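J.: To start, I am sharing the structure in question, which I have written as structure tokens.
Every number in this text was worked out from the coordinates using simple rules, so none of it is lab data. None of these values were measured; they are calculated from a predicted model. Using ideal geometry, Cβ is built from the backbone for each residue, glycine included, and neighbour counts are taken over all protein chains shown.
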């Protein structure tokens with residue numbers, strides 16, 4: 001089983017943050033799980049530690065529907081600098097949207113590893129481990 | 001005794017009558033009895049037997065009666081009377097006294113009487129008479145002759161004058177005349193011009209010639225020797241002038257006939273052409289040659305072909321004028337003319353009596369009416385075409401009229417009359433038929449402009465009094481007239497209107513459906529995003545709860561479940577509110593004063609307003625009231641104020657300014673704050689979304705503007721925002737007014 005050292009959960013829903021945190025830790029795919037309500041904070045973090053691979057997450061679970069900065073804004077901004085990061089980060093969209101338009105739109109971002117729909121389940125976490 | 005003596009004496013001497021003083025015959029002798037054709041002898045007037053009176057035997061034959069004769073005698077004058085007796089003798093009866101009686105003696109004066117008669121005859125002659133010796137010496141002349149010569153030369157009637165030496169006689173040919181008579185001894189006659197004289201006619205003095213008829217004859221003795229030459233002259237000036245005038249008239253008539261503007265042909269009694277005037281010759285383009293056989297209307301094949309012989313005959317027999325129009329094809333004849341074409345002739349044939357031989361002749365007036373006929377045929381054709389055109393236009397289900405530019409109608413088809421509601425006659429004015437044209441209406445202006453224009457113009461107009469829509473097509477024609485087509489488009493207009501209305505309703509419905517569909521999609525989206533997420537949480541937490549064996553964990557999960565359920569409930573309530581608003585699109589509107597509703601909201605939000613210190617200002621002067629559901633307007637005002645308070649900046653005292661005005665039939669309300677502002681480029685499209693927040697404000701739920709937008713749009717309005725980050729936001733709401 002692959003274990004990720006650091007996993008970022010980007011979601012404005014605090015309950016979902018707790019659920020994800022508990023499930024990830026219970027499944028043992030990540031030891032260091034950090035939750036962000038504001039996507040802008042994540043981008044600022046990544047930019048700050050872009051040259052420090054040990055500070056960068058291995059995986060980011062990104063919600064799309066968020067206030068102030070949503071998932072799309074995050075992806076657009078991330079696209080502009082992810083190649084400069086010292087480490088390749090696996091980004092998964094984790095959203096409650098089952099809209100096909102969103103799914104197709106995500107395909108446009110090559111660095112996004114997958115489109116996952118809530119709720120986060122053990123099956124999904126298994127998929128994450130596989131990736 | 002006395003009577004016997006007298007009788008004897010008288011009987012022997014001279015014819016005599018013895019009369020008493022009363023004129024009664026007492027005795028008539030033989031001579032007197034023969035002249036007077038009365039019995040000879042004594043008469044006894046007292047016995048009243050076979051008495052005779054002077055008046056019976058002489059007076060009534062001479063018109064000289066007894067009293068007149070007695071009167072002359074009593075006056076001492078010569079009392080005599082001349083009488084032409086039965087014996088063809090002239091007798092002069094002389095009255096003389098004879099004692100107590102009167103004596104009437106008769107004398108034969110026949111010889112004296114003839115000489116006196118000759119003088120009188122000469123004096124009374126109505127013509128001049130002049131006697132010359134055989135040598136030409138003037139002998140005598142009567143007064144008339146002397147007057148004639150006096151006017152020319154008085155010397156011509158003086159003694160010793162010799163006519164053979166007179167130049168005038170030589171010039172006029174009178175000398176030759178005398179010489180001829182002298183030679184032949186028979187009479188000779190000549191009309192001569194003897195100078196000129198002035199004549200006044202109607203106040204105008206004219207110099208006119210003096211014509212005389214001169215007759216010369218010789219008087220011979222028993223041996224045949226010429227004893228004298230007699231000249232008889234008669235003034236024939238009047239006759240000559242009349243003759244000249246007649247001649248002139250005749251020549252004039254000839255000229256008139258020759259140059260009549262119409263043709264003239266004269267046929268004799270047998271149908272031969274005797275005269276063709278210049279006009280007719282020109283028309284025939286033909287010159288008659290003497291060598292040709294004369295043309296006869298009764299026998300000429302061409303004349304017979306067209307029945308001209310019968311016409312001639314009819315005029316001759318019936319002796320009446322005939323006028324007829326004939327179409328002749330001259331290409332079938334070469335004798336009449338070289339025209340070689342078909343012509344129409346107007347022929348007037350009339351009979352005349354030849355003034356000389358008294359035979360009936362026929363004159364024909366020929367008028368070439370080919371052009372007129374052709375024109376008439378064209379006009380007839382044109383009229384037929386026009387009638388056909390009119391029939392065609394009558395059959396057309398469209399009003400059609402032709403008119404002058406001043407509106408005077410020349411034709412209107414049946415449909416146009418139906419539209420007008422009455423018969424339309426040529427010459428009527430369109431302005432009388434359509435009273436709507438009589439006023440200064442837009443229709444009148446357009447109609448007049450189209451009439452005056454040079455190209456076709458069409459327009460439609462509504463006639464309120466008729467409840468009709470008419471479409472007009474006005475086309476100026478080349479001849480200066482105008483054709484007007486009128487179509488009743490009321491049905492199509494109504495259908496168009498119905499269609500337009502239906503289309504509008506359909507559009508409205510469609511818009512509403514699109515809107516509803518959009519709302520449904522939005523709602524689906526909202527439920528997808530805002531309900532699915534907590535449900536997913538529920539699902540996850542339930543799974544986690546079920547999987548957990550640790551009571552502590554399970555307790556934690558239950559607590560989270562409760563929190564999720566609360567969130568779901570809250571979201572559902574918000575959504576129910578939205579659904580309610582969208583459902584109530586027909587909410588009752590009422591007239592609301594902005595200032596009053598704002599005051600109410602300020603009272604509700606009193607605490608927040610006080611706490612924030614926000615400055616609220618208004619200008620509702622230009623649109624103080626609004627027809628709107630009160631609940632919604634209160635909610636809108638509350639959300640706008642709450643928004644301004646929630647997103648105020650700490651850098652300055654918050655303020656919010658409300659303003660309203662009318663624009664294009666809409667009421668506009670703006671709410672402009674000086675708060676944080678929004679990056680419209682980034683968040684503009686999500687500004688009024690459900691559960692959308694753009695600031696890290698914990699109180700923000702992202703529902704206020706969504707509700708506001710829903711309420712405004714539910715009542716047919718719209719909302720938009722203008723904002724500059726750091727300066728403030730301005731919301732502009734457009735309310736649809738009913």
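J.: Rounded to the nearest 0.05, what FRET efficiency do residue B:77 and residue B:135 give with R0 = 41 Å and r taken as the Cβ-Cβ distance? Could you check?
T.: 0.30
J.: Next question, about the same structure. For a test of the definition: using alpha carbon positions, the gyration tensor, and the 1.5 limit on a/c, classify the stretch A:46-131 as rounded, prolate or oblate.
T.: oblate
J.: Looking at the stretch A:1-114, what % of its DSSP beta bridges pair antiparallel, to the nearest 5?
T.: 0
J.: Extending each Cα 7 Å along its Cβ direction at residue B:454 and residue B:394, get the distance between those two points in nm, one decimal.
T.: If labels sit at residue B:454 and residue B:394, their model points lie 3.7 nm apart.
J.: From a point 7 Å beyond the Cα of residue B:553 in the direction of its Cβ, which residues of the stretch A:115-131 have a backbone N at a distance under 14 Å?
T.: What the label zone holds, given the 14 Å backbone N cut-off, is A:122.
J.: Before anything else, pin down the relative contact order of chain A: Cα pairs under 8 Å, at least 6 apart, normalised by residue count, whole percent.
T.: Value for chain A: 26 percent.
J.: Report the extension gain between residue A:50 and residue A:108 in nm, rounded to one decimal, defined as 0.36 nm multiplied by the number of residues separating them, less their alpha carbon distance.
T.: Extra length from residue A:50 to residue A:108 when fully extended: 18.5 nm.
J.: Now, a different point. By how many nm would the segment from residue B:466 to residue B:354 grow when fully extended, if each residue of separation counts as 0.36 nm and the alpha-carbon distance is taken off?
T.: Between residue B:466 and residue B:354, full extension yields an extra 32.5 nm.
J.: Quick one: angle between helix B:594-604 and the longest Cα principal axis of chain B, in degrees between 0 and 90, rounded to 10, please.
T.: Between the helix axis and the principal axis of chain B, the angle is about 10 degrees.
J.: Going by alpha carbons, how many degrees (0 to 90, nearest 10) lie between the helix axis of B:110-124 and the longest principal axis of chain B?
T.: Compared with the principal axis, the helix lies near 20 degrees.
J.: Taking Cα atoms, how many degrees apart are the long axis of helix B:174-184 and the longest axis of chain B, rounded to 10 and kept between 0 and 90?
T.: For B:174-184 against chain B, the angle is about 50 degrees.
J.: If I model a spin label at residue B:478 and residue B:611 as a point 7 Å from the Cα along the Cα→Cβ vector, what separation in nanometres do I get?
T.: 9.3
J.: Report, for the protein assembly as shown, the % of DSSP beta bridges that are antiparallel, rounded to 5.
T.: In the protein assembly as shown, DSSP labels about 85 percent of beta bridges as antiparallel.
J.: Let me ask you something else. Could you give the nm distance between label points at residue B:520 and residue B:491, where each point is 7 Å from its Cα heading toward the beta carbon?
T.: My value for the distance between the label points is 4.0 nm.
J.: Next question, about the same structure. Taking only C-alpha pairs under 8 Å that are 6+ residues apart, what is the relative contact order of the stretch B:259-368 in percent?
T.: 28
J.: Can you give the FRET efficiency to the nearest 0.05 for residue B:445 and residue B:511, using r as the Cβ-Cβ distance and R₀ = 30 Å?
T.: Efficiency at R0 = 30 Å is approximately 0.20.
J.: Taking 0.36 nm per residue of separation and subtracting the Cα-Cα distance, what length does fully extending residue B:199 through residue B:111 add?
T.: Working it through step by step, the gained length comes to 27.2 nm.
J.: Next up: Relative contact order for chain B using alpha-carbon pairs under 8 Å, separation at least 6, rounded to a whole percent?
T.: Worked out over chain B, it gives 4 percent.
J.: Given R₀ = 51 Å, FRET efficiency for residue B:21-residue B:121 by Cβ-Cβ distance, to 0.05?
T.: Given R0 = 51 Å and the Cβ-Cβ separation, E is 0.80.
J.: So, one more: Helix-only estimate, please: 222 nm mean residue ellipticity of chain B, summing -39500 (n - 2.57) across DSSP H runs of length 4 or more and dividing by its residues, to the nearest 500.
T.: Estimated from H runs of four or more residues: -13000 deg cm²/dmol.
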